[in-house]
Amino acid sequence: TITPPHAPGPAGPLPYLPHVDGLRAVAVALVVMFHAWPQLAPGGFIGVDVFFVISGFIITRQIAREMEDGSFSYAAFLGRRVKRLMPAAFVCCLLVSLGAAVVLLPDALMSYSESLIAVWTMTANFFFYANTGYFDAPSAEQPLLHMWSLAVEDQFYLTWPLLLLFLFRKLAV
């Protein structure tokens, strides 16, 4: 049987979009090139922005579909994000913390500890914005600096579904 597009209940997986994976690859390549060979890709950090846009598109598409078919659950959505992001973030922070404990002097280790707390409170973007510039020399001494983007992603995941849910309910009335 064919399910009408607005029938209640799960509508199944969304179709795969290979061009989106192609854009992801370009975004990642730009960032890697910027860090490995900055002279070849001086604006390569734009790849982070491209990746954010792609993620926003995919997440919005998924949430909208689930809202339309009545299967959206904020708790389930956040649970999926936690399962996808937290294992890698934990391993990254664990390995970096082990290295930091060995190589950082006490003052730098104290600053590192503050950045680690910011990572786990999903405020690393605000912490690093307030405490260092991305291109300043001290940023080289911030081993978790790259986690600012995960904080932005986490903040998006916490707020965007709620805004969409509010708009969906307002527009459905």
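Regarding PHE128, is this residue in contact (Cβ under 8 Å) with a residue 12 or more places away in the chain, among the aromatic types (Phe, Trp, Tyr) and under 22 Å from VAL48 (Cβ atoms)? Taking the combined requirement at face value, the residue satisfies it. Residue count for the range 112-135 under the criterion of being surrounded by fewer than 11 Cβ atoms within 10 Å (Cβ to Cβ), among the aliphatic types (A, V, I, L, M) and not in a helix (DSSP H, G or I): the result is 0. Residue count for the range 54-78 satisfying the condition of being exposed (fewer than 12 other Cβ atoms within 10 Å of the Cβ) and in a helix (DSSP H, G or I): 2. Just one of the listed residues (LEU167, LEU163) is out of contact with any Gly (no Cβ under 7 Å at 6 or more places or on another chain) and surrounded by fewer than 11 Cβ atoms within 10 Å (Cβ to Cβ), and it is LEU163. Within the range 84-91, one or more residues are modelled with pLDDT of 90 or more and either touching a His at 6+ places or on another chain (Cβ under 9 Å) or farther than 30 Å from LEU163 by Cα (or both). Determine whether the range 143-151 contains at least one residue that is free of Cβ contacts under 8 Å to residues at least 40 places away in the same chain, in contact with a helix residue (DSSP H, G or I) (Cβ under 6 Å, 6 or more places away or on another chain) and among the small types (Gly, Ala, Ser). Within the range 143-151, one or more residues are free of Cβ contacts under 8 Å to residues at least 40 places away in the same chain, in contact with a helix residue (DSSP H, G or I) (Cβ under 6 Å, 6 or more places away or on another chain) and among the small types (Gly, Ala, Ser). Cβ-Cβ contacts under 9 Å between residues 6 or more apart (or on different chains), taken from a first residue in the range 34-50 that is assigned to a helix (DSSP H, G or I) to a second residue that is of a type in the set (D, E, K, R), are listed as VAL50/ARG24.
Scanning the range 13-23 for residues that are under 18 Å from the mean Cα position of the chain (by Cα) and open to solvent by 80 Å² or more (accessible area, probe 1.4 Å) yields a single hit, LEU23. Can you say whether LEU104 is modelled with pLDDT under 95 and touching a Phe, Trp or Tyr at 6+ places or on another chain (Cβ under 9 Å), as far as the supplied structure shows? Criteria met by LEU104. Taking the range 79-92 as the range and being within 23 Å of LEU17 (Cα to Cα) and open to solvent by less than 50 Å² (accessible area, probe 1.4 Å) as the test, the residues that pass are ARG81, LEU85.
Filtered by the rule that a residue be of a type in the set (Val, Ile, Thr) and either under 19 Å from TYR16 (Cα atoms) or open to solvent by less than 60 Å² (accessible area, probe 1.4 Å) (or both), the range 40-53 gives VAL48, VAL50, VAL53.
Exactly one residue out of LEU109, LEU105, LEU95 is open to solvent by less than 70 Å² (accessible area, probe 1.4 Å), farther than 30 Å from PRO18 by Cα and free of Cβ contacts under 8 Å to residues at least 12 places away in the same chain, and it is LEU109. Within the range 9-28, can one find any residue that is within 21 Å of PRO143 (Cβ to Cβ) and either modelled with pLDDT of 90 or more or not in a loop (DSSP other than H, G, I, E, B) (or both)? Yes, that holds for at least one residue.
The values are calculated or read from the model by the stated rules, or taken from the named source; none is laboratory data. Quick caveat, the model's predicted, so the values are computed rather than measured. Note that we place each Cβ from the backbone using ideal geometry, even for glycine, and neighbour counts take in every protein chain shown. The area values use the complete protein model at the heavy-atom level, side chains included, leaving out ligands, DNA and RNA. Shrake-Rupley method; radii C 1.70, N 1.55, O 1.52, S 1.80 Å.
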